[in-house]
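Only one structure is covered here, and it is reproduced in the block below.
The values are calculated or read from the model by the stated rules, or taken from the named source; none is laboratory data. What you see is a predicted model; the values in this text were computed from it and never measured. Here the Cβ is made from the backbone with ideal geometry for all residues, glycine too, and neighbour counts use every protein chain on show. Calculation scope for accessible area: heavy atoms of the full protein, side chains included, ligands and nucleic acids excluded. Shrake-Rupley method; radii C 1.70, N 1.55, O 1.52, S 1.80 Å.
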Amino acid sequence: QVQLVESGGGSVQAGGSLRLSCAASGYSFSSFCMAWYRQAPGREREGVAAINSDGSTSYVDSVKGRFAISQDNAKTTLYLQMNSPKPEDTAMYYCAAGRRPYYGCRYYEAWAYSYWGQGTRVTVSS
């Protein structure tokens, strides 16, 4: 059974840093796309970042240069390093996984991700 469990959320001041983690079990990362999504109150769910099996990454423009998606050597934990977070980054953050399409992983294609965690809340104050 595939299971994704997020952790590391909390409150942080603007300009600080935070690292979210996603513990994955029940499958191998090697054949999957992994991604982080977020949803703020009153807003649509938004793809934040995705990572491919070769380690290449992609990000929504609003977080480029500030956030970094990565995974550990065992490929059992996914991370989102959040540097210089802004109040507009406040949201519930979700870890997602899905089989890698033939064309690769896209951070914005939510339909491609079959498995989702329960989320971890991030609040950024100014």
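So the values come out like this:
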quantity: Scan of the range 71-87 for residues that are aliphatic (A, V, I, L, M) and more than 11 Å from the chain's Cα centre (by Cα), ordered by number; calculated: ALA74
quantity: Condition broken by GLN1, with the remaining ones in (1) over 18 Å from ALA110 (Cβ atoms); (2) without any contact (Cβ under 8 Å) to a residue 24 or more places away in the chain; (3) open to solvent by 60 Å² or more (accessible area, probe 1.4 Å) satisfied; calculated: (2)
quantity: Subset of the range 9-24 (residues that are of a type in the set (Gly, Ala, Ser) and within 16 Å of the chain's Cα centre (by Cα)); calculated: GLY9, GLY10, SER17, SER21, ALA23, ALA24
quantity: Test: THR57 is among the β-branched types (Val, Ile, Thr), open to solvent by 50 Å² or more (accessible area, probe 1.4 Å) and either at pLDDT below 95 or in contact with a His (Cβ under 6 Å, 6 or more places away or on another chain) (or both); calculated: no
quantity: Subset of the range 19-33 (residues that are surrounded by 19 or more Cβ atoms within 10 Å (Cβ to Cβ) and at pLDDT 95 or above); calculated: LEU20, CYS22
quantity: ARG38 vs. criteria closer than 17 Å to THR123 by Cα, free of Cβ contacts under 8 Å to residues at least 24 places away in the same chain and surrounded by 14 or more Cβ atoms within 10 Å (Cβ to Cβ); calculated: no
quantity: Residue that is nearest to the chain's Cα centre (by Cα), among those in the range 91-103 that are of a type outside the set (A, V, I, L, M, F, W, C) and open to solvent by less than 40 Å² (accessible area, probe 1.4 Å); calculated: TYR93
quantity: Every residue from the range 49-80 that is assigned to a loop (DSSP other than H, G, I, E, B), closer than 16 Å to TYR108 by Cβ and among the hydrophobic types (A, V, I, L, M, F, W, C); calculated: VAL60
